[in-house]
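Notes follow the structure.
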Amino acid sequence: MKKFMALVLALVLALSLVACGGGAASSEAASEAAPAGELTGLTEAIFEAPILLTSGGQSADYQMIGTVMGKLEMDVEIKNLATSEDLGDAKTLIVVVGGSSKGLGAAGIDAEAELARMMELIDAAKAAGVKVIAMHTGGSARRGDLSDSFITPTFEKADYAIVVEAGDEDGLMAGICTANSIPCDMIASISDVTTVLPAAFVA
Amino acid sequence: MEKNKKLISGVLCLVLAVAIIVTTSMNFLAVREVPYPMMGPSVSEVKMLSDWNPNLKDTNGDTPVYILKGEKEGGSMLILGGTHPNEPSGYMSATLFIENAVVEQGTVYVIPYVNHSAATHNDPGEGNLQYFTLTTKSGERTFRFGSRATNPIDQWPDPDVYVHYPSGQQLSGSETRNINRAYPGRPDGNLTENMAYGVMELIRNEDIDIGFDLHEASPEYPVINATVSHQVSMDIASVGCMNLLMGGIEMSLEQSPTNFHGLTHREWGDASDIRAAILMETANASQGRLRGATTIEQVLGGRDKCYTKSLELGFLYVPWEEVGHPIEERCGRHLEGIKQYSLAHNEVNPEEPIVYSGVPGYQELYLDATREELDGTHLAKFLM
């Protein structure tokens, strides 16, 4: 009898855990594409234009991604210092993360204010139902204390991530995506953005 | 007899002293001789920087400007080597360009030693070399290894604090002799400010569209394997940097800070109508604080045991392998960068293109070389 009761309790516990897991998924895409514990890429196009592209840390990586998107004729507005007021009718927000002290100087903003700006924008986007793509394309040159301070909060709130693998040798971004069931495509080079990024958008 | 002995020893000492004085004086004066590039196929004229700033005439700050003119009219490009003559990939890239480029459209101005005065001394306190030699197509050629700053014989003493004109920015007094803190310069300033003013006058009077300033830095410096661009040229720099990355060359792109004055990537854009102001940095072990003794293998071969150890300890910001950063790789990066950024310029400004060929790039200089040749031996094959 005791064994039977223990089995029933274990079954109830397991079912409740499954129910909790389903409700805790951070995004539609994640629940469809990435079971927790395994890093999975995006399986279908779920993002829509118009797109707002911004920087996360003021490295020039966002400008290079903007150049690529321009060449691909994607419907994108580029604002390195975008705030919630710039969201307009955007359906997707792309944050290209990478800290640069020169870039922060050029933008006239310090790291603390930059992080506050990013979080205000990302939170407003999430509240408005705008999907968020986090990108890290600068490789190992865009890692370190400054960049990492922007990576963690952005990736935790993303619906999808694209990462140049040379920048994630320690598994920081892969770990965040895995832990939060965020689909993540690891790419060998920034040139692969030309294939994975358009594939994420509904034609 | 005793008197004669004293006289003889006195004369001998005097002769010895004179011999030492003559030898060291000759050596001291020889350092002032800067070996210039040979005339490549497109060099149409060699002017002096004093043609744009007469204050430099008959000073050690005057320097040759090689003009490579294409058959067709087009845009204009400026390449600076030797901003810091202790960064050999800068002036060696300029030399390779002058001796190999066939300019088809537009005009290219190349200044191999923009701070000529800094090329006429070195930093003995750093244990630096004075010269290095390469066996080129025409035989053995000697190149100078200079200093970061203007020769104190030409400009001295330094103030305690250097106040940049016109911003009023304050830096360490030794930066007074650093031409890359002196732009836009001024005609009534010191020699270094006059050199910078000469370059600015060249840019303004020749309507330079795109300008490059070629540098090296210590491997532990964060802005390494990098391009820094004025905001006016971020469109061109983004396209060019993407193309470099797609070609397998690691390069990061930085926008020039608006509040750091005196540098080419800031002041060229602020003080002229230039369309692109670009500075590139490669990694040079012989400049680093972590290095061992300064040797020719380190300067040209780019190898250093202390840097290999530093990598193990996690002190470096650039990938480091035992092969190091040989001069072929460093010049290859600069010349490939000039090519890709000028192509990007042509894409953005198709009405005024700059078209050239014949200059070896990353593939020819670095990837095509055997490991044994990566010490200047392979690079020398492209020198006249």
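Values quoted throughout were computed directly from the atomic coordinates according to the rules given, and no laboratory measurement underlies them. Just so it is clear, the structure is predicted and the values come from calculations on it, not from any experiment. Note that we place each Cβ from the backbone using ideal geometry, even for glycine, and neighbour counts take in every protein chain shown.
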Ascending count of other beta-carbon atoms within 10 Å, so fewest first, for B:S286, A:S149, B:S117
A:S149, B:S286, B:S117
Nonlocal amide H pairs with B:Y131, under 5 Å, H built at 1.01 Å:
B:F145
Other residues with Cβ under 11 Å from the Cβ of B:L379 give, with Lys and Arg +1 and Asp and Glu -1, a net charge of -3
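Can you classify segment B:35-380 as rounded, prolate or oblate using the Cα gyration tensor, where a ≥ b ≥ c are the square roots of its eigenvalues, rounded means a/c under 1.5, and otherwise it's prolate if a/b beats b/c and oblate if not? Don't jump to the answer; show the numbers that get you there.
Details: a/c = 1.31, a/b = 1.08, b/c = 1.21.
Rounded shape, in that the Cα axes give a/c under 1.5.
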Any chance you could run the full-extension gain for B:V348 through B:C306? It's 0.36 nm times the residue separation minus the Cα-Cα distance, nm to one decimal.
10.7 nm
Calculated from backbone phi, Karplus (6.51, -1.76, 1.60) coupling profile of segment B:33-44 in Hz, x at Gly/Pro:
7, 9, x, 9, x, 7, 7, x, x, 9, 5, 9
Cβ under 12 Å from B:P187's Cβ, B:P187 left aside: what net charge do those residues give with Lys, Arg +1 and Asp, Glu -1?
-2
Scattering curve values for segment A:28-199, log₁₀ I(q)/I(0), Debye with Cα scatterers, q = 0.11, 0.14 Å⁻¹
-0.38, -0.64
Say the cut-off is 21 Å between C-alpha atoms; which of A:K71/A:K126; B:K72/B:K137; B:K305/B:K381; B:K137/B:K339; A:K102/B:K309; A:K91/A:K126 go over it?
A:K71/A:K126; B:K72/B:K137; B:K305/B:K381; B:K137/B:K339; A:K102/B:K309
Sorted by chain and number, the residues with a modelled amide H under 5 Å from that of B:T258, at a separation of 5 or more or across chains, are A:A106
Using the Karplus equation 6.51 cos²θ - 1.76 cosθ + 1.60 (θ = phi - 60°), what ³J(HN,Hα) coupling, rounded to whole Hz, does each residue of segment B:370-384 give in order, writing x for Gly and Pro?
7, 4, 5, 8, 7, 8, x, 4, 6, 4, 4, 5, 9, 9, 5
Find the relative contact order for chain B and round it to a whole percent, using C-alpha pairs within less than 8 Å whose residues are 6+ positions apart.
18
Among DSSP bridges having both ends in segment B:1-125, what percentage is antiparallel? Round to the nearest 5.
60
Contact order relative to length of segment A:28-199, as percent, for alpha carbon pairs under 8 angstrom and 6 or more apart
29
Which stretch or stretches of segment B:174-202 have amide N atoms under 20 Å from the point lying 7 Å from B:Y36's Cα along the Cα→Cβ direction?
B:195-202
Determine the principal axes of the Cα atoms in the protein assembly as shown, then give the extent along each, sorted from largest to smallest and rounded to whole angstroms.
128, 63, 47
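Quick one: work out the % antiparallel among DSSP beta bridges in chain B, nearest 5.
Close to 55 percent.
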May I ask you to evaluate 6.51 cos²θ - 1.76 cosθ + 1.60, the Karplus curve with θ = phi - 60°, for each residue of segment B:358-365 and list the ³J(HN,Hα) values in order in whole Hz, giving x for glycine and proline?
x, 8, x, x, 4, 5, 5, 7
Taking Cα atoms only, helix B:327-348 is inclined relative to the longest principal axis of chain B by an angle, in degrees rounded to 10, of 30
Contact order normalised by residue count of segment B:1-145, Cα under 8 Å, 6+ apart, percent:
24
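I'd like the per residue volume of the convex hull spanned by the Cα atoms of segment B:1-145, given in cubic angstrom. Show your work: numbers first, answer last.
Values: hull volume 22.4 nm³, N = 145.
Spelled out: Cα convex hull of segment B:1-145, divided by residues, is 154 Å³.
Ranked by Cβ crowding within 10 angstrom, fewest neighbours first, how are B:I236, B:I67, A:I122 ordered?
Ordered by Cβ neighbours within 10 Å, fewest first: B:I67, A:I122, B:I236.
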Using the 10 angstrom Cβ neighbour count as an exposure proxy, how do B:K137, B:K69, A:K131 rank, fewest first?
B:K137, B:K69, A:K131
